[in-house]
Amino acid sequence: MSTMHLLVMSLGPVQDFIAQARRTRDLWFGSHVLSELSLEAARTARRLGAELIFPALVEGQEGAPSVPNKLLVLVREGEPREVARAAREAARERLRTWGLKAWHDHPQLVDSGALDTAREQLDTLLEFHAAWCPFSTPEEYPEALRRVEGALAEHKRLRAFAPWKHQRGGRHKSSLDGARESVLAHGKREGGDWKRFRIGRREELDAVGLLKRTGGEPGQFIPVPTIGLAAYTALAKRTPAMERLVRECLRLRQRKLLTFVDAGERAWVRDFPFDAQLLLPGRWSTYLEELGMARQDAERFGRDFVRPLLASQGEPFPYVACLVADGDKMGETLRDLASRGSAAHQALSRTLSEFAAEARRIIQEEHRGVLVYAGGDDVLGFICLPDALSCASKLSRAFSAAVERGLEGWKGDAPTLSVGLGVGHVLESLGELLDLGRRAERMAKGEDRNGFALLARLHSGREHAWRQRWPLGPVKALEDTVALRESGRLPMTKVREVREALRRIPRDAGALPDEARWRLVLVGEVRRVLARVEVGTPGAGLSPHEAGLEWKEEETLEELHTRVEDWAERVSLAELLSRATLRTPGETRGAA
């Protein structure tokens, strides 16, 4: 029987590379670069006769920015070493050619003497690892997979550190990674491509950072404030004040002072196709001055066109959600599924590719969001806060449906999707927003996986976090709490009183009699606070059940403490979501 080889290839760097971003286009294009390099490696392997297991490249969708950085390939004939080498060189050549386009397309930006430095930076960026294992029969496939995964993990521990050969010395370092030399030109940075790509006067970019910044067209990248304020602009779009503001923005676009944002399939962007930080009090003047407008003209713009809108519609609630989702126990499932052979892996791979396409539609068309990356069971995007809960829920259901199709007839536990929403101010740095999203995703996974977590950092710096598993209905629990807050029956003053009671009552009373007494005190205090009828609030007081707070009689004092704290965090987050839900002027909210 002929010998086959199972080949696995990994391309990086991943997380740090993507996170090194100062603008939305840096973030999106950094993810796009890695996806394109993986796609180039996958295409090369397939041209050499190898059979792709992961990812599945669906015909007609190869240009989708959803190719993961890890490739699993079946080499039926030929040498796996040659396939891996060709894939690596194809990816490197793609990066080199792509990165050096700036020297031809944007000569105003680059130092002509830094070409060798740029080439070295591009050639040394890619981290490529490969391992392969021979096998002869389908029954040997699981063992081959185990061995090749182990070999790849060991190989990743080895790093070759070659010295820089084209350091010029005395140059500023990149503002994105602080390690590579800047390749930007010296002198004045005014007009032209400097303005088009919003490269600041003190900003420095290496060849990789320059590729991120100049890749694509500036208008195709949706600014984070535009995402965060999408609900506000949707509510205001037909008002006379908004129509006047849009007309003025179009006039400034003709003067090349503003960039028009390309909506593409995201119809919601058309409500205000500009950077929505123009709508934030105290920000529009600084933003317009950065784009070259005189201070007095920028102040006049705000006075004549923005303030009338804020006077009629109120100020926007400037928060956005960073959504990070990841499949649970995928590795374990793939190892168990290997007993069915490579065809079973390919079937699952196809449905995961379908899920990635579905994630794009859910985020960008069904909800007001922007997808940064969707590769198999990984999703990263930014969502308008009022749409975030629904989006997270739909992604979870879509993933479950995709996995069910891919695992038809499978008797084991199916993988699930943990989803984290990190909420921060729209003017937070991208790095901070990404950190919030990733922390929320880690919290969502917890110890038992299949979870949802909401983590919000207010502009004051205070954080609130809440987590629940999907089977328990976390989205409905939050929506019910939002409705209760908006009814006015649960003022935030009561939540603050409950928090104060928690601070006064110990979590662990030690001896059993003291534990029981303190537990009764905590239960009684919570009941008293919730049952009290306050002036100005509608209806009677609330029982714990009506307030969405349940506990069990057998719970310890510490467990009860945790449950009440969890409830208080949920109400605080519901208050945040309630404030993000835009209403027409004159509509009321719940009591404070």
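Could you go through segment 210-219 and let me know if any residue there is in contact with an Asp or Glu (Cβ under 6 Å, 6 or more places away or on another chain), under 30 Å from residue 366 (Cα atoms) and surrounded by fewer than 19 Cβ atoms within 10 Å (Cβ to Cβ).
The answer is yes; a qualifying residue exists.
Need pairs with beta-carbon distance below 6 Å; first residue in the same structural domain as residue 131 (by TED's automatic domain parsing) and exposed (fewer than 10 other Cβ atoms within 10 Å of the Cβ) and within segment 156-175, second modelled with pLDDT of 80 or more and aromatic (Phe, Trp, Tyr); sequence gap 6+ or separate chains.
From segment 156-175, no pairs qualify.
On the basis of being assigned by TED's automatic domain parsing to the domain that holds residue 552, of a type outside the set (S, T, N, Q) and surrounded by 15 or more Cβ atoms within 10 Å (Cβ to Cβ), does residue 489 make the cut?
Details: assigned by TED's automatic domain parsing to the domain that holds residue 552: yes; of a type outside the set (S, T, N, Q): yes; surrounded by 15 or more Cβ atoms within 10 Å (Cβ to Cβ): yes.
Yes; evaluated as a whole, the condition is true for this residue.
In segment 433-488, how many are among the hydroxyl-bearing types (Ser, Thr, Tyr) and touching a residue at least 40 places away in the same chain (Cβ under 8 Å)? Write out each step before concluding.
Step one: filter segment 433-488 for residues among the hydroxyl-bearing types (Ser, Thr, Tyr), giving 460, 481, 487.
Cutting the leftovers down to touching a residue at least 40 places away in the same chain (Cβ under 8 Å) gives us 481, 487.
Total meeting the criteria: 2.
The conditions are (1) outside the structural domain of residue 91 (by TED's automatic domain parsing); (2) in contact (Cβ under 8 Å) with a residue 12 or more places away in the chain, and residue 144 fails exactly one of them. Which is it?
(1)
Considering only segment 507-525, how many residues are under 16 Å from residue 556 (Cβ atoms) and either acidic (Asp, Glu) or surrounded by 14 or more Cβ atoms within 10 Å (Cβ to Cβ) (or both)? Can you show your working first?
Step one: list which residues in segment 507-525 are under 16 Å from residue 556 (Cβ atoms), which gives 507-523.
Then keep just the ones that are either acidic (Asp, Glu) or surrounded by 14 or more Cβ atoms within 10 Å (Cβ to Cβ) (or both); that gives 507-509, 514-515, 518-519, 521-523.
So the answer is 10.
So which residues in segment 259-285 are without any contact (Cβ under 8 Å) to a residue 12 or more places away in the chain and over 19 Å from residue 383 (Cβ atoms)? Quick ask: steps written out before the conclusion?
Applying the first criterion (without any contact (Cβ under 8 Å) to a residue 12 or more places away in the chain) to segment 259-285 yields 263, 270, 282.
Once the filter is applied, which keeps residues that are without any contact (Cβ under 8 Å) to a residue 12 or more places away in the chain and over 19 Å from residue 383 (Cβ atoms), segment 259-285 yields only 282.
Can you confirm whether segment 533-542 contains a residue that is farther than 20 Å from residue 571 by Cβ, loosely packed, with under 12 Cβ neighbours inside 10 Å and over 39 Å from the mean Cα position of the chain (by Cα)? Quick ask: steps written out before the conclusion?
First, pick out the residues of segment 533-542 that are farther than 20 Å from residue 571 by Cβ: 535.
Subset that is loosely packed, with under 12 Cβ neighbours inside 10 Å: 535.
Next cut, over 39 Å from the mean Cα position of the chain (by Cα) only: 535.
So far as segment 533-542 goes, yes, one or more of its residues are farther than 20 Å from residue 571 by Cβ, loosely packed, with under 12 Cβ neighbours inside 10 Å and over 39 Å from the mean Cα position of the chain (by Cα).
Among the numbered criteria (1) at pLDDT below 95; (2) basic (Lys, Arg); (3) in contact with a helix residue (DSSP H, G or I) (Cβ under 9 Å, 6 or more places away or on another chain), which single criterion is violated by residue 517?
The single condition residue 517 does not satisfy is (3).
Among (1) touching a Gly at 6+ places or on another chain (Cβ under 6 Å); (2) crowded, with 16+ Cβ neighbours inside 10 Å; (3) of a type outside the set (S, T, N, Q), where does residue 275 come up short?
Among (1) touching a Gly at 6+ places or on another chain (Cβ under 6 Å); (2) crowded, with 16+ Cβ neighbours inside 10 Å; (3) of a type outside the set (S, T, N, Q), the lone unmet condition for residue 275 is (1).
Could you identify the single residue in 460, 390, 400 that is out of contact with any Gly (no Cβ under 9 Å at 6 or more places or on another chain) and farther than 28 Å from residue 225 by Cα? Steps first, please.
Working: 460 fails: farther than 28 Å from residue 225 by Cα; 390 fails: farther than 28 Å from residue 225 by Cα.
Selected residue: 400, the only one of 460, 390, 400 that is out of contact with any Gly (no Cβ under 9 Å at 6 or more places or on another chain) and farther than 28 Å from residue 225 by Cα.
How many residues are touching a Gly at 6+ places or on another chain (Cβ under 8 Å) and within 23 Å of residue 328 (Cβ to Cβ) if we restrict to segment 360-372?
So the answer is 4.
Residues that are crowded, with 24+ Cβ neighbours inside 10 Å and under 30 Å from residue 241 (Cα atoms): does segment 386-397 have at least one?
So far as segment 386-397 goes, yes, one or more of its residues are crowded, with 24+ Cβ neighbours inside 10 Å and under 30 Å from residue 241 (Cα atoms).
The values are calculated or read from the model by the stated rules, or taken from the named source; none is laboratory data. Just so it is clear, the structure is predicted and the values come from calculations on it, not from any experiment. Neighbour counts are summed over all protein chains in view; Cβ atoms, including those assigned to glycine, are modelled from backbone coordinates with ideal geometry.
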